[in-house]
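Here's the structure we're looking at; comments come further down.
Only the coordinates and a few stated rules stand behind these numbers; no lab work does. Owing to the predicted nature of the structure, the values given are computational and were not obtained by experimental measurement. Methodologically, a virtual Cβ is constructed for each residue, glycine included, from the backbone with ideal geometry; neighbour enumeration extends over all protein chains shown.
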Amino acid sequence: MKNERFIIPQKNTGIIATVENNSIKETGTIDIPYASKSVFLENRLFVSLCFGAKPKSSRLKIFDETGKQIFRKPEYKYRSINAKGTAVYLGGRYKANQGKLCSIMDAQTAEIKEIALPVRFKQGKAIDDILIRGNDLYLVDNIVYPKYIFTYDISVPPFPRHANTRELEANGTYEHIIKGDINENYLLLFSSTVGMRGYYQHISILQIEPAMKLLATLTCHVEGIFTPLRNSKILDTCIISNCIIILNEDGLKIAKLEPDMNEIKVRQLNANEKNYSNLLKIDQETFIAYNQEGYELLVLPKRNIL
């Protein structure tokens, strides 16, 4: 992904950037809010989901690589996005008589078509994240049990074909998938649950082949109803190389991924002195920590720290 453009969301506008000589090169700005998700396509267009506090402030926008807006669709219902080629995959939330859990958009024409899912859905179901590994597309289903991962073959990106459905165990009540990430061997799911004993966060690691096996789950007891703050809240996470990167309120942490892991052993990288709140993966060695006021390029340490 190096030398490709990406967007760093900031408070008032996004920054279009690329990585050159192990540093960030800003190439322009783009009219998206901090609460947004974007993809950069092979035809050098950006597609962004822009989230707002008011219904009319939600937008799906398409820009050229300089940040010039060329299309806007107001009041859409999508919450997750990914892309291959010029096919853009969009995930949403189910509402009675509305459907639109998952759709595909042709970025050339902005035409949107629904993707058929293999199970029937009910109120509250959503596709919380969309992950791509080679020619496999993974749709991550959320909160209302049972939860699923749907796998689609996207060898021909505009025409996804359902290949597999995997039912997942719940980590607790009212589980919500915050985000997912993926590499060649592992799939990560970052989720939260809430119940009588308080608020928990979970990082679940699944080995993709041969059968999406759950290897381990890191659980953080953030806050209990009758107890004070127990652990530093997890803000974001991603997979870099064969490691999990975890951004907490108190610092940046790392854990090694192994096929026979029974638990996740976490080590500290550094303190979160600038109060970063999000991570942006650039490639398998490089990532960005950022908040609304700034960002920092980080490189996975070469030395063995685990």
Problem - Listed pairs 113/256; 73/253; 73/213; 25/73; 37/233 exceeding 32 Å between Cα atoms - result: 113/256; 73/253; 73/213
Completion exercise
Net charge near residue 184 (other residues with Cβ under 10 Å of its Cβ; Lys, Arg +1; Asp, Glu -1) is 0
Exercise for the section: Count the net charge of all other residues whose Cβ sits under 11 Å from the Cβ of residue 128, scoring Lys and Arg as +1 and Asp and Glu as -1. Expected result: +2
Fill in the blank from the handout: If unit charges are put on Cβ atoms (+1 for Lys and Arg, -1 for Asp and Glu) and the dipole of the chain is taken about its Cα centre, the option from 231, 178, 208 lying farthest towards the positive end turns out to be 178
Handout entry: In region 168-228, the chymotrypsin sites (Phe, Trp or Tyr not before Pro) that fall in loop regions by DSSP, at most 10 other Cβ within 10 Å
Key = 226
Practice task
Order the peptides 4-15, 102-113 from the highest to the lowest mean number of other Cβ atoms within 10 Å of their residues.
Solution key: 4-15, 102-113
Completion exercise
In terms of the alpha carbon gyration tensor, root eigenvalues a ≥ b ≥ c, rounded if a/c is under 1.5 and otherwise prolate when a/b exceeds b/c or oblate, the chain is rounded
